[in-house]
Amino acid sequence: MAKILRAVPVLLGMPERRMSVDYDEEADVLYIAFDRPQRATDSEMHDDGVIVHRRGRQVVGVTILDASGR
């Protein structure tokens, strides 16, 4: 519970007020969607294993690979 409470300020600082979080334990991938459905038109993979999904300029989701090791 303490870890969740430490995340609250970060979550409240997000410009989006609604988000969906899913974790695939088998693949160790965390999915965060800021809009459902995402309907992303572009995705960019960063060197740190984070994939940012955009619709135009708007970030509509983030995928975090190897989530448990972060």
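Applying the criterion of being loosely packed, with under 11 Cβ neighbours inside 10 Å and free of Cβ contacts under 8 Å to residues at least 24 places away in the same chain to the residues of segment 47-69, the residue that is farthest from residue 4 (Cα to Cα) is 56. Looking only at residues of segment 8-30 that are in a strand (DSSP E or B) and either among the acidic types (Asp, Glu) or modelled with pLDDT of 95 or more (or both), we find that the one that is farthest from residue 59 (Cα to Cα) is 24.
The values are calculated or read from the model by the stated rules, or taken from the named source; none is laboratory data. Small disclaimer: the values here were computed from a predicted structure and weren't measured. Here Cβ is always computed from backbone atoms with ideal geometry, including for glycine, and neighbour counts include all displayed protein chains.
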